[in-house]
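Working notes, structure below.
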Amino acid sequence: MYKEIYNSYLSIDLGQFRRNIHSLLDSLPEGTALIPMLKCNAYGMGLERISSVINEFPEIKILAVAQVLEGIELRRFGAKQEILVAGAAATNSQIDVALENALTLSAYRTGFIPRIIGFARFLDISAKLHIKINTGLNRLGVCPGDELDELIREIKDAGSSVQICGVYSHFSEMECSGKDEKIESQYKTFLKAIDQLEKNGIDPGIRHICASASFELHPEMALDAVRLGRRMYYDNPAVPIGGVEELCSWRAPITNLRAFKAGDCIGYGNGVTLEKDSLIALVGVGYGDGLMRELAAAKAPVLIGGQRARLVFSCMDQSFIDVTGIDCAIGDEATFLGSDKRGNVITGQDIASIINDEACSITASLGHRVIRIYE
């Protein structure tokens with residue numbers, strides 16, 4: 001399909017992505033591996049093309065996703081690496097298809113390992129597992145102590161039907177700056193779980209707890225591997241440390257221009273009452289494409305005509321932008337994040353900070369109606 005028939009497009013610089021990966025690999029402590037986290041369509045960047053670039057790096061041995069379906073897609077796109085499903089395989093169908101496609105599952109609760117033994121024996125395989133430890137996020141994972149003891153008994157009872165390839169956890173703070181005491185406590189809990197496994201004769205395999213933010217601010221906790229998602233595309237929004245550059249721009253053409261008087265209303269339910277005479281541009285993009293209504297409520301900037309206009313209202317399929325005083329015409333491009341064709345930039349981090357979020361949350365929200373174009 002051609003970008004001309006789509007209402008908007010996300011331009012992605014694969015050359016910059018390669019440079020980011022090189023930089024990340026160079027930044028890892030000796031003995032620490034990179035596990036790219038490719039969930040949610042590679043954070044909106046496009047799983048197929050992003051994974052094809054990652055396949056160029058033979059030192060990357062493990063990929064991670066959140067759902068079984070994402071792992072199946074990676075296999076369909078030709079991924080040969082180990083693929084960790086860092087989420088729950090909850091149904092028999094998910095377990096069955098995951099094992100058939102040589103995905104590594106998370107042993108995230110007691111009772112899960114006995115459940116998969118029958119599938120492994122039927123397929124005549126040893127199911128690969130990473131043990132998930134709950135260190136405080138209280139989402140998935142077993143707690144050190146009695147619960148982990150029960151999981152250890154299940155592992156031993158399973159015999160050759162399962163193979164423990166790793167053990168991991170996740171810090172509960174999305175951004176770790178100023179949370180050192182809590183982070184340190186969770187890290188010690190994780191090490192305690194590893195010690196418990198080893199004392200019971202279980203080789204923990206690859207040990208990993210750091211995601212992007214925790215690795216940026218606590219590289220000493222990297223252990224055997226780090227799971228990096230956001231950091232492949234964006235620096236730390238709270239404490240930038242360099243080494244990676246943004247690589248995408250989201251653009252759409254203006255579809256209509258209309259002059260309004262002060263007091264006129266626009267949007268469903270007369271959503272916005274204009275305080276002054278205004279020139280309003282319309283674009284064929286809305287919250288159904290991923291242009292969050294929170295951004296419109298915050299009057300987020302949009303690049304048009306080399307200047308910063310203001311988003312004022314977002315419907316599902318169309319949005320209103322105040323272009324008063326800006327020289328623009330129907331067909332000119334609006335840039336929601338990234339760079340325009342004149343070299344002006346609104347970074348994804350700048351946009352996300354307006355609504356106290358991360359840029360990857362915006363790109364991950366972009367739906368299939370936003371075509372991905374690779375430069």
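Observations on the model:
- Extension gain (nm, one decimal) between ILE326 and THR91, 0.36 nm per residue minus Cα-Cα: 79.1 nm
- The phi-based Karplus calculation (6.51 cos²θ - 1.76 cosθ + 1.60; θ = phi - 60°) puts the 3J(HN,Hα) values of the stretch 70-76 at 5, x, 4, 4, 4, 4, 5 Hz, whole numbers, x for Gly and Pro.
- Spacing of the modelled spin labels on LYS3 and LYS156, each 7 Å from Cα toward Cβ, amounts to 6.0 nm.
- Rounded if a/c under 1.5, otherwise prolate or oblate - the stretch 31-232, Cα gyration tensor axes: oblate
- Cα gyration tensor shape of the stretch 257-312, rounded if a/c is under 1.5, else prolate or oblate by comparing a/b with b/c: oblate
- Sorted fewest first by neighbouring Cβ atoms within 10 angstrom, THR135, THR324 come out as THR324, THR135.
- Between 0 and 90 degrees, the angle of helix 180-199 with respect to the longest Cα principal axis of the chain falls at about 30 degrees.
- Using only alpha carbons, the chain has a radius of gyration to Kirkwood radius ratio (Rg to Rh) of 1.05.
- Tensor-based shape of the stretch 248-374 (alpha-carbon gyration tensor, a/c under 1.5 rounded, otherwise prolate or oblate): prolate
- Considering only SER27, SER214, SER249, the mean-square fluctuation computed in a Gaussian network model of the chain, springs between alpha carbons under 10 angstrom, is largest for SER27.
- Using alpha-carbon coordinates, inclination of helix 146-158 to the longest axis of the chain, degrees: 70
- Approximate spin-label separation LYS341-CYS265, in nm, with each point projected 7 Å along Cα-to-Cβ: 3.7
- On the basis of the beta-carbon distance and an R0 of 22 Å, THR273 and ARG308 show a calculated FRET efficiency of 0.50.
- Each label was represented as a point 7 Å from its Cα along the Cα-to-Cβ direction; for SER353 and ILE125 these points are 4.6 nm apart.
- Taking a straight Cα-Cα cut-off under 21 Å and skipping sequence neighbours fewer than 8 places away in the same chain, the lysines within cross-link reach of LYS80 are LYS39, LYS61, LYS128.
- Remark: relative contact order (the chain) = 18 percent; criterion is Cα-Cα distance under 8 angstrom and separation of 6 or more residues.
- Within straight-line reach of LYS341, meaning a Cα separation under 20 Å, sit the following lysines at least 8 residues removed in sequence or on another chain: LYS3.
- In this structure, ARG115 and LYS188 have a Cβ-Cβ separation that, at R0 = 35 Å, corresponds to a calculated FRET efficiency of about 0.70.
- A Förster radius of 25 Å, combined with the Cβ-Cβ distance separating VAL239 from HIS368, puts the computed FRET efficiency at roughly 0.15.
- Angle in degrees between helix 14-27 and the longest Cα principal axis of the chain, rounded to the nearest 10: 40
Each reported figure results from applying straightforward, stated rules to the coordinates on display, with no laboratory input. Everything numeric in this text was worked out from a predicted model, so none of it was measured. Note that each Cβ is placed from the backbone with ideal geometry, even for glycine, and that neighbours are counted across all protein chains shown.
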